[in-house]
1. Across segment 179-206, what is the number of residues that are free of Cβ contacts under 8 Å to residues at least 60 places away in the same chain and under 14 Å from R164 (Cα atoms)?
2. Looking at (1) at pLDDT 95 or above; (2) in contact with a Ser or Thr (Cβ under 8 Å, 6 or more places away or on another chain); (3) farther than 20 Å from L317 by Cα, find the lone condition where I207 falls short.
3. In segment 244-259, what residues are surrounded by 20 or more Cβ atoms within 10 Å (Cβ to Cβ) and either modelled with pLDDT under 95 or among the polar types (S, T, N, Q) (or both)?
4. Are there any pairs, at least 6 apart or on different chains, whose C-beta atoms fall under 7 Å, with the first in segment 435-453 and among the charged types (D, E, K, R) and the second modelled with pLDDT of 85 or more and part of a loop (DSSP other than H, G, I, E, B), and if so, which?
5. Yes or no: D244 touching a residue at least 60 places away in the same chain (Cβ under 8 Å) and of a type in the set (D, E, K, R)?
6. Residues L231, L238: which one is surrounded by 23 or more Cβ atoms within 10 Å (Cβ to Cβ), modelled with pLDDT of 95 or more, out of contact with any helix residue (DSSP H, G or I) (no Cβ under 6 Å at 6 or more places or on another chain) and of a type outside the set (G, A, S)?
7. Return the residue satisfying two criteria in turn: it lies in segment 260-272 and is in contact (Cβ under 8 Å) with a residue 40 or more places away in the chain and under 15 Å from H300 (Cβ atoms), and of such residues it is surrounded by the fewest Cβ atoms within 10 Å (Cβ to Cβ).
8. Of all residues being in a loop (DSSP other than H, G, I, E, B) and modelled with pLDDT of 75 or more in segment 10-60, which is surrounded by the most Cβ atoms within 10 Å (Cβ to Cβ)? Just the residue, please.
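The values are calculated or read from the model by the stated rules, or taken from the named source; none is laboratory data. On a predicted model such as this, the values are computed, not experimentally measured, just so you know. Ideal geometry is used to build each Cβ from the backbone, glycine not excepted, and the neighbour counts take in all protein chains shown.
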Amino acid sequence: MVRPIPTKTQEEVLEVISRFPDGAGVEQIEAHLTARPNRRTLQRWLSDLMAQARVQRRGQGRAAKYRLSANVGAAAHVTVTTDAATYAEILIPLSPAAKEVERLVRQPLVLRKPVGYNQAFLDDYRPNETFYLAQDIRDDLLSQGKAVNSNAPAGTFARRLANRLLIDLSWNSSRLEGNTYSLLETERLISVGEAATGKDALEAQMILNHKEAIEFLIDSASEIGFNRYTLLNLHALLSDNLLDDPTASGRLRSIAVGIAQTTFLPLEGPQRIAECFDQVLCTAAAIRDPFEQAFFVMVHLPYLQPFEDVNKRVSRLAANIALIQRDLCPLSFVDVSQATYISAILGIYELNRIELLRDVFVWAYKRSCARYSAVRQSLGEPDPFRLQHRQQITQAVMEVVRKAMSKVQAVGFIQHFAQTQLDAQDRARFIEVVETQLLSLHEGSIARYRLRPQEFHAWQTNWNLQRAR
């Protein structure tokens with residue numbers, strides 16, 4: 001999970017925010033806390049609470065206001081508010097067992113039993129004998145994720161779509177942590193290094209750290225593995241300039257941590273943490289199937305909490321090690337709901353049950369395969385959101401191109417369009433879809449938007465001009 005807030009402090013932050021129905025600024029919250037943390041720590045706590053969908057933010061920069069989320073404690077498949085817009089969830093088809101896990105972890109905390117780290121959960125796993133993913137699931141994922149040239153060197157597939165992967169995985173993994181950058185703002189930050197106006201510096205740092213970490217995995221495809229070198233350096237890159245203690249970057253934790261909004265108490269003691277960390281890596285390295293390997297680390301790295309913070313981010317990128325090494329389509333967590341993902345992780349923490357995270361992983365991988373169009377079979381059904389809003393999506397793309405908007409102009413226009421044309425629960429999803437269409441637009445796909453070649457070329461010149469500066 002995100003770097004934990006001590007339970008009493010968390011409740012005090014929430015209590016302070018509750019005193020301001022119209023929202024409280026950072027300075028107001030800070031002034032009302034019994035023991036004032038430094039500003040950066042408080043901002044991290046607020047980001048943590050947004051990631052849990054307990055707090056909403058309105059506005060940007062110094063004008064940002066925080067207030068309690070209306071959906072705290074709501075039923076399954078709630079929408080998660082991360083900024084001025086609300087992200088409309090795509091419902092992931094869940095098995096009965098996964099639904100049961102989701103129901104149990106979304107009960108109030110007082111109804112959930114406190115639990116500690118269960119080493120038997122790790123000890124009982126036998127590589128290539130125990131399987132979290134059934135054979136038919138693994139076969140299906142392989143058929144969809146296999147590259148055309150299956151004999152290519154490690155990382156060939158990932159390098160071929162590196163620019164797209166850097167943006168998609170950086171954005172989606174950061175979004176799952178409560179980051180409020182849009183997809184287009186992320187693309188601009190990664191491509192030309194320009195941070196979005198009014199956004200927190202920590203959000204830009206998080207995204208840029210993802211970029212560096214993904215490049216490390218791709219560039220070192222033949223050298224990476226489930227070993228200390230890879231995982232410690234992955235953590236160092238993802239946590240750079242984000243930890244209260246800079247020396248903790250790239251090191252196993254030596255202190256006790258707690259995790260907000262869960263009854264799970266992570267393992268304590270540096271020696272035991274180091275021993276279990278090595279056991280996780282040794283077990284992962286011995287697994288022969290790449291999808292089982294990827295899923296195993298998504299389960300056991302966050303559960304162990306080997307680092308002071310950034311454990312989930314490490315697990316999401318580490319899952320791609322197995323895929324990059326076998327030259328399979330990478331996993332970029334496209335369209336994965338923050339609320340469902342958090343529930344899935346809580347299912348691991350509190351129940352040692354993998355069913356919900358398994359359903360999320362399988363669905364997310366198929367979604368990623370569909371995104372990169374290098375799979376042998378598609379998802380089948382069209383995206384119902386794009387079907388429902390096809391006319392508005394087309395209109396927004398047409399406007400951006402015909403008016404030859406730059407990236408900065410497009411961000412503002414799309415957000416305004418969404419605010420005025422769509423219901424609140426659909427706006428963030430709409431913004432993502434339109435930005436994705438613009439980033440993938442080429443001369444062979446402009447007809448669907450009723451655009452002429454000269455309009456496209458005029459827009460493209462202005463759109464790409466900022467890259468050359």
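1. Going through segment 179-206 one residue at a time, the tally reaches 3.
2. For I207, the failing item is (3).
3. S249, I259 - these are the residues of segment 244-259 that are surrounded by 20 or more Cβ atoms within 10 Å (Cβ to Cβ) and either modelled with pLDDT under 95 or among the polar types (S, T, N, Q) (or both).
4. So the pair list comes out as E435/S182.
5. Answer is yes for this residue.
6. L231
7. Looking at the filtered set, the residue picked out is L267.
8. R54
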